[in-house]
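The values are calculated or read from the model by the stated rules, or taken from the named source; none is laboratory data. This is a predicted model, so every value here is computed, not measured. Don't worry about glycine lacking a Cβ; one is built from the backbone with ideal geometry, like all the others, and counts go over all protein chains shown.
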Amino acid sequence: MARIKELSFYKKKKKISSAVVREVFSWIFGIVAAIFIAGVLVYFLGMTTNVVGVSMEPTLYNQQQIFINRFAYVISSPRRGDVVVFLPRGNENAHYYVKRVVAVPGDRVMIRNGTFFVNGIESSWVTERILDPGIAENELTLAAGEYFCIGDNPGNSEDSRFANIGPVAESDIIGKVWFRGSCEEQGMGFVK
């Protein structure tokens with residue numbers, strides 16, 4: 001005998017498979033992770049500013065755009081030769097200063113007869129004759145967390161030699177310059 005199918009006016013509920021749920025959550029997780037990583041990279045490596053003045057010539061030029069690595073000094077401290085961006089004395093109303101670190105905490109600095117000395121040895125980072133020694137006329141020992149920063153063009157640089165700036169506190173350093181945009185005098189590239 002043949003069975004007659006019963007008529008049903010109720011819709012069967014479709015079940016959502018666990019594979020589909022896993023796939024949706026993996027896409028959501030991937031998108032959230034990508035947005036988070038992009039945000040972190042932009043925050044730490046994407047900050048830009050422009051150089052103000054000629055104090056860093058010939059390394060950087062007036063109005064040249066630079067990229068700042070804010071993460072570099074979260075995991076380490078500035079070293080001699082680093083080009084850093086800082087706010088003098090933490091003054092939020094000042095423009096960003098861009099200078100080279102020439103002495104680190106514990107170093108003794110002095111400018112005598114136009115020559116810059118670090119720990120009694122002539123500095124390899126400052127090769128130009130310095131006419132105005134400022135506060136470095138007498139030997140100065142940097143305290144913990146203090147850095148002596150000078151422009152690569154010291155004859156036209158307002159830097160750590162002057163009392164209104166002085167040694168730069170590590171907490172005032174925004175980050176390390178890692179890349180420069182192009183300008184007429186110089187092309188794009190990494191900062192050394």
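Some notes on this structure:
- Restricting region 75-84 to residues that are more than 10 Å from the chain's Cα centre (by Cα) and of a type outside the set (D, E, K, R), the residue that is farthest from residue 126 (Cα to Cα) is 75.
- Flag if residue 107 is in contact with a strand residue (DSSP E or B) (Cβ under 7 Å, 6 or more places away or on another chain), more than 23 Å from residue 63 (Cβ to Cβ) and in contact (Cβ under 8 Å) with a residue 40 or more places away in the chain: yes
- The single condition among (1) of a type in the set (D, E, K, R); (2) closer than 17 Å to residue 170 by Cα; (3) surrounded by fewer than 18 Cβ atoms within 10 Å (Cβ to Cβ); (4) in contact (Cβ under 8 Å) with a residue 12 or more places away in the chain that residue 92 does not satisfy is (4).
- Test: residue in region 48-59 that is at pLDDT 80 or above, over 30 Å from residue 152 (Cα atoms) and surrounded by fewer than 14 Cβ atoms within 10 Å (Cβ to Cβ): no
- Pick from region 156-182, criterion more than 18 Å from the chain's Cα centre (by Cα) and aliphatic (A, V, I, L, M), ranking: farthest from residue 138 (Cα to Cα): 165
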